[in-house]
Ligand code: ATP
Ligand code: MG
Ligand code: MG
């Protein structure tokens, strides 16, 4: 059916679920990531050395490897935003591929969380207040100790404006809260700056958002700019890592769900290129919704769509980047939840605890309405996303009671 080959930068769990969706549509995928055993490569066999193109062993931030992948495929996309966006623009300009989705300029904008905020604020979208910390352009800050001193000074000054605690964030390379530092007082400014890059990385600060809940909306965008939101969901984070997701979002004020979708669609409409985007938001006690951040790719909060929506986020991503008709984003079950299976310990430190990591997956096999996804990751670290379980049911109560069975299994294993 489909003659065009898709190249993906990154071959982790998101790439793996993308490959599953692409395979059902006879779409061939080539992957760029380090090693032969990356989660997405494991399930995407390419026949023999005679095959005219292969997966590529290398970093998605390596310009040469990106060019090598581009020379083998027709359309490029990403499963992670921390890629070399400049090289993506070059391979597009050099016509090595027909398209890059989303646009390299969109990826570049979003991968710098500070520039992302500046962009969203300029479009009038609601955000927690934010300010640059120290030098705005780190490429011009040649002296790291000077930059560090300026950042420490700025954190103290911003504390006078925002109050404490405030959230200090790395502008780039952030994931699972790893670029965040909660600064509780001006005394902590130096340790916070040291923890987030010590004058070598650009930082910004956000006013603390005492949110009631966290909300996320997946949005699929066609190359012509049509946007379609999935239902808003509630996301629950533990230690800044997404832990559980409940779909759809239920609040006393049913208007919140529709408002969240509307804000997410408005935000995604401001970017260029096709694909799915994940929009993370804070629901404030007064009912206001503030955008936290946007991911230019399939997202953890959208895993539930594989079992619970008419068209999964992964399939809609395939369709969007190839210009195929977008699929319905409606729920096909009344209620769903997703729980991440997170590494319980580092493999080299506590192999016994690591052995218990997959217990919820094992427990879920006996629970009706559940689907277990294990990612095949070879190494385990504490908090690393090793798999997830989706639970569907005829009501929220049924989904919650099924979720309890899975969580109790994990609790028993870790006692
Ligand atoms: P992801 O893995 O989603 O890419 P990330 O590392 O980019 O995460 P953020 O999404 O910025 O980090 O923050 C992680 C979590 O920290 C949020 O989901 C939220 O729970 C908390 N958080 C972030 N910003 C604030 C804020 N301004 N006020 C209060 N809590 C916050
Ligand atoms: Mg992020
Ligand atoms: Mg986030």
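The values are calculated or read from the model by the stated rules, or taken from the named source; none is laboratory data. Every value quoted in this text rests on a predicted model; they were computed, and no experiment measured them. In this analysis, Cβ positions are derived from the backbone assuming ideal geometry, glycine residues included, and neighbour counts consider all displayed protein chains.
Taking the residues in the range 164-180 that are more than 9 Å from ligand 2 (Cβ to nearest atom) and part of a loop (DSSP other than H, G, I, E, B) as candidates, determine which candidate is surrounded by the fewest Cβ atoms within 10 Å (Cβ to Cβ).
178
Go through the residues of the range 148-164 one by one and say whether even a single one is touching a residue at least 24 places away in the same chain (Cβ under 8 Å) and either within 11 Å of ligand 1 (Cβ to nearest atom) or within 25 Å of the chain's Cα centre (by Cα) (or both).
yes
So which of 257, 288 is out of contact with any strand residue (DSSP E or B) (no Cβ under 7 Å at 6 or more places or on another chain) and within 15 Å of ligand 1 (Cβ to nearest atom)?
288
Can you tell me which residue is surrounded by the fewest Cβ atoms within 10 Å (Cβ to Cβ) among those in the range 363-400 that are in contact with a strand residue (DSSP E or B) (Cβ under 8 Å, 6 or more places away or on another chain) and part of a helix (DSSP H, G or I)?
Filtering first and then ranking leaves 400.
Of all residues in the range 108-143, which are part of a helix (DSSP H, G or I) and in contact (Cβ under 8 Å) with a residue 60 or more places away in the chain?
Within the range 108-143, 109, 110, 111, 113, 114, 116, 117, 119, 120, 138 meet the criteria.
Among all residue pairs at least 6 apart or on different chains, which show Cβ distances below 6 Å where the first residue, located in the range 165-188, is closer than 11 Å to residue 205 by Cα and away from ligand 3 (no atom under 15 Å from the Cβ) and the second is modelled with pLDDT of 95 or more and in a loop (DSSP other than H, G, I, E, B)?
165/184; 165/208; 166/208
Could you give me the residue pairs with C-beta distances under 8 Å whose first residue belongs to the range 227-244 and is in contact (Cβ under 8 Å) with a residue 24 or more places away in the chain and under 13 Å from residue 213 (Cβ atoms), whose second residue is in a loop (DSSP other than H, G, I, E, B) and more than 16 Å from ligand 2 (Cβ to nearest atom) wherever it lies, and which are 6+ apart or on separate chains?
These pairs meet every condition: 232/248; 232/249; 233/248; 233/249; 233/304.
Would you point out which residue out of 329, 305, 311 is crowded, with 21+ Cβ neighbours inside 10 Å and out of contact with any strand residue (DSSP E or B) (no Cβ under 8 Å at 6 or more places or on another chain)?
It is 311.
Of all residues being part of a loop (DSSP other than H, G, I, E, B) and more than 16 Å from ligand 3 (Cβ to nearest atom) in the range 211-232, which is surrounded by the fewest Cβ atoms within 10 Å (Cβ to Cβ)? Just the residue, please.
Per the stated criteria, the residue is 224.
Any residue in the range 350-372 that's farther than 23 Å from residue 308 by Cβ: show its pairings with residues that are assigned to a strand (DSSP E or B) at Cβ separation under 6 Å, as long as the two are six or more apart or on different chains.
So the pair list comes out as 357/386.
Away from ligand 2 (no atom under 16 Å from the Cβ) and more than 21 Å from residue 23 (Cα to Cα), is that true of residue 341?
Criteria met by residue 341.
Looking at this structure, is residue 325 without any contact (Cβ under 8 Å) to a residue 60 or more places away in the chain and under 24 Å from residue 77 (Cβ atoms)?
yes
Output the residue which, of all residues in the range 262-281 that are within 16 Å of ligand 2 (Cβ to nearest atom) and more than 24 Å from residue 99 (Cα to Cα), is surrounded by the fewest Cβ atoms within 10 Å (Cβ to Cβ).
280
Go through the residues of the range 235-243 one by one and say whether even a single one is within 13 Å of ligand 1 (Cβ to nearest atom), more than 19 Å from residue 110 (Cα to Cα) and part of a loop (DSSP other than H, G, I, E, B).
Yes, the range 235-243 has at least one match.
In the range 338-368, what residues are farther than 15 Å from residue 409 by Cβ and in contact with a helix residue (DSSP H, G or I) (Cβ under 6 Å, 6 or more places away or on another chain)?
Across the range 338-368, the qualifying residues are 345, 347.
Which of the residues belonging to the range 234-244 are surrounded by 18 or more Cβ atoms within 10 Å (Cβ to Cβ) and either within 13 Å of ligand 3 (Cβ to nearest atom) or within 18 Å of residue 174 (Cα to Cα) (or both)?
235, 242
Please work out if residue 413 is at pLDDT 95 or above, surrounded by fewer than 18 Cβ atoms within 10 Å (Cβ to Cβ) and either outside any strand (DSSP E or B) or out of contact with any strand residue (DSSP E or B) (no Cβ under 7 Å at 6 or more places or on another chain) (or both).
no
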